[in-house]
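Right, one structure below, let's go through it.
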Amino acid sequence: MSLSSRRTFLTGAAALSGTALFPRFTLADTALPILRARLSTAQLAPIGYPATPVWAYATEGAGVIPGPEIRVMAGERIRRQLVNDLPQPTATHWHGIRVENAMDGAAPLTQPPVPPGESFDYDFAAPDPGTYWYHSHDRGFEQVARGLAGPLIVEDREPWLGEPGAATRELTLVLDDWLLDADAAIVEDRWDDLHAAAHGGRMGNTVTVNGAAYPDLDMRPGERVRLRLINTATARIMPLALPGLLPRLIALDGHPVPPREVDTMLLGPAQRADVVIDMPLDPEVRTVLLLDPGNGEWVDVAAFVAAGEPLAPIEVELRPLPAWGTLPAPNLADPQHEVLLMEGGAMRGMLDIRYQGEVMDFRELASNGMVWAFNGVAHGMNEPMFRAALGRTVHLEMTNRSMFPHAIHLHGHHFEILARSGALNTPGDVRDTVMIGADETLEIAFVADNPGRWMLHCHMLSHQAAGMMGWFEVA
Ligand SMILES: [Cu+2]
């Protein structure tokens with residue numbers, strides 16, 4: 001019997017004796033559902049190729065790609081015991097959830113990493129409805145690339161699905177990007193490839209939708225569906241299109257937007273978009289999800305296949321999502337001004353950057369695995385980039401002085417995109433991860449209402465590992 005199945009058995013035995021000895025509510029309060037990180041396999045490449053060895057999350061039995069969907073109502077608690085059956089320490093981050101600091105999973109800032117064979121109890125409220133995801137936040141450039149990511153859905157507080165003008169069904173689509181060799185195994189010898197880190201990051205060669213290459217997704221003709229799109233790739237920016245499906249954007253990073261028609265969408269690493277589509281009534285019309293792999297040639301990554309009885313098309317105007325009502329509005333009359341300067345990477349480099357307390361030139365930094373910096377510091381984990389008083393509005397001006405776009409993620413907070421912002425963003429949108437193009441300046445604002453030490457980093461995970469990481473403190 002393997003160690004992991006024995007542990008499952010012991011948990012079951014303890015649960016059984018608990019039932020006999022204690023009232024049911026006591027059992028519910030003490031036994032957290034298991035989220036196990038373990039080695040597994042998945043059929044990522046098309047049928048005919050071997051299955052791929054992966055690291056994956058599991059509830060029971062084998063790990064799955066993407067990880068098991070976690071789903072709660074807004075305001076409910078998410079409770080999971082992370083059990084580490086990996087050969088490395090790990091921690092789990094709940095991306096976009098405004099959690100209490102100790103539950104953020106950002107090792108080593110908010111907790112020590114969980115050693116192999118040990119566990120950590122996560123127990124926190126999910127205040128805001130929307131589309132989120134969870135993933136490893138320790139050696140993410142390796143662990144997320146090996147498969148440690150899954151969808152996290154927080155259901156609307158007020159009913160939306162099935163209401164007049166809303167979708168009648170929803171479908172979560174986890175988009176990922178894998179670097180596979182000819183035998184469909186994950187390429188393992190390039191985790192610290194500095195060349196990739198100094199460019200767009202460790203780019204894959206196989207895009208999957210819900211863990212499969214080119215899946216067929218059954219849809220009823222005429223039905224209106226809410227797609228919850230999640231980009232869990234470690235580096236790939238995904239331009240997406242849904243031709244013939246009248247896509248309308250209703251939420252970004254979980255937060256509602258006034259519905260707007262979109263021809264194409266840009267989903268950076270870690271970003272999410274909720275999109276409503278209307279399937280054509282004619283079952284002969286073939287519809288697909290298209291992705292631009294970076295050369296302007298759109299390719300199919302999934303097909304929507306007409307199946308079942310047609311539904312009468314919904315003629316009522318699209319119903320917006322209910323407002324969160326939980327996020328304080330920034331006070332722009334008297335904000336705390338902060339800047340975030342991004343430097344480094346191929347073709348630009350950087351001068352006189354501090355790393356581990358020493359000022360270094362680009363060559364010396366690179367020999368330490370550092371090719372990026374925030375505000376003149378590479379991998380600045382020793383002290384915060386800034387401190388904000390609890391409840392204060394922070395106005396953050398971010399400038400990208402490099403030749404590459406970045407996907408900047410703030411932990412513990414959502415922020416508003418202000419006017420005069422970069423081409424990849426719409427002012428007024430509220431997000432937790434934002435794309436900033438080369439030589440762009442982007443302004444955001446948020447109320448620092450969540451006490452603790454919060455990571456701020458690029459979600460291109462090889463950029464993060466090569467210096468684009470820091471933190472801020474709210475107290
Ligand atoms: Cu980056």
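The values are calculated or read from the model by the stated rules, or taken from the named source; none is laboratory data. As the structure is a prediction and not an experimental result, all values here were calculated from the model. Don't worry about glycine lacking a Cβ; one is built from the backbone with ideal geometry, like all the others, and counts go over all protein chains shown. Accessible surface areas use protein heavy atoms only, side chains included; no ligands, DNA or RNA. Shrake-Rupley method; radii C 1.70, N 1.55, O 1.52, S 1.80 Å.
If you place +1 on the Cβ of every Lys and Arg, -1 on the Cβ of every Asp and Glu, and leave all else neutral, what size is the dipole of the chain about its Cα centre, to the nearest 20 Debye?
The dipole of the chain has a size of about 880 debye.
Just to confirm a number: summing +1 for Lys and Arg and -1 for Asp and Glu over residues other than Pro33 whose beta-carbon lies under 9 angstrom from that of Pro33, what do you get?
Summing Lys/Arg as +1 and Asp/Glu as -1 gives +2.
Is the range 58-183 rounded, prolate or oblate when judged by the Cα gyration tensor, a ≥ b ≥ c being the square roots of its eigenvalues, rounded requiring a/c under 1.5 and prolate requiring a/b larger than b/c?
It is oblate, given that a/c is not under 1.5 and a/b is not larger than b/c.
Quote the FRET efficiency, to the nearest 0.05, computed for Glu76 versus Glu118 with a Förster distance R0 of 30 Å and r equal to the Cβ-Cβ distance.
So the FRET efficiency works out to roughly 0.65.
Starting at the first residue of the range 60-72, write each ³J(HN,Hα) from the Karplus equation 6.51 cos²θ - 1.76 cosθ + 1.60 with θ = phi - 60°, in whole Hz, x for Gly and Pro.
Karplus-based 3J(HN,Hα) across the range 60-72 equals 9, x, 6, x, 10, 10, x, x, x, 5, 9, 9, 9 Hz.
Quickly rank 322-329, 308-315 as a protection proxy: mean count of other C-beta atoms within 10 Å, highest first.
322-329, 308-315
Set Lys and Arg Cβ to +1 and Asp and Glu Cβ to -1, take the dipole of the chain about its Cα centre, and tell me which of His411, Ala445, Pro239 lies farthest positive.
In the chain, that residue is His411.
With every protein chain kept in the model, how would you rank Arg272, Arg220 by accessible area, 1.4 Å probe, largest at the top?
Output order, biggest surface exposure first: Arg220, Arg272.
DSSP beta bridges in the range 169-306, what fraction antiparallel, as a percent rounded to 5?
The antiparallel fraction comes to roughly 75 percent.
Under 1.5 on a/c is rounded, so check that first for the range 336-474, then, if it is not, pick prolate when a/b is larger than b/c and oblate when it is not; a ≥ b ≥ c are the square roots of the alpha carbon gyration tensor eigenvalues.
The shape class here is oblate.
Placing unit charges on C-beta atoms (Lys and Arg positive, Asp and Glu negative, everything else neutral), compute the dipole magnitude of the range 299-393 about its Cα centre in debye, rounded to 20.
Dipole of the range 299-393, to the nearest 20 debye: 240 debye.
What is the magnitude of the charge dipole of the range 41-172 about its Cα centre, with +1 placed on the Cβ of each Lys and Arg, -1 on the Cβ of each Asp and Glu, and no other charges, expressed in debye to the nearest 20?
The dipole magnitude comes to about 280 debye.
By average Cβ neighbour count within 10 Å, what is the ranking of 115-121, 444-450 from highest down?
Sorting 115-121, 444-450 by mean packing, highest first, produces 444-450, 115-121.
Report the net charge of residues surrounding Trp471, where surrounding means a beta-carbon distance below 10 angstrom and charges are Lys +1, Arg +1, Asp -1, Glu -1.
-1
Leaving out ligands and nucleic acids, note down the accessible area per residue over the range 59-108 with a 1.4 angstrom probe, in whole Å².
35 Å²
Which listed residue (Thr393, Trp55, Pro328) has the Cα farthest towards the positive end of the charge dipole for the chain, taking +1 on Lys and Arg C-beta and -1 on Asp and Glu C-beta about the Cα centre?
Most positive-ward Cα: Trp55.
Counting only other residues whose beta carbon sits under 14 Å from that of Ala198, what net charge do I get with K and R as +1, D and E as -1?
Neighbour charge sum, excluding Ala198 itself: +1.
Out of all DSSP beta bridges with both ends in the chain, state the antiparallel percent to the nearest 5.
Around 75 percent antiparallel, to the nearest 5.
For the chain, with all protein chains present and a 1.4 Å probe, just round the carbon and sulfur fraction of the accessible area to a whole percent.
55 percent
Determine the shape class of the chain: with a ≥ b ≥ c the square roots of the Cα gyration tensor eigenvalues, call it rounded for a/c under 1.5, and otherwise prolate if a/b is greater than b/c, oblate otherwise.
rounded
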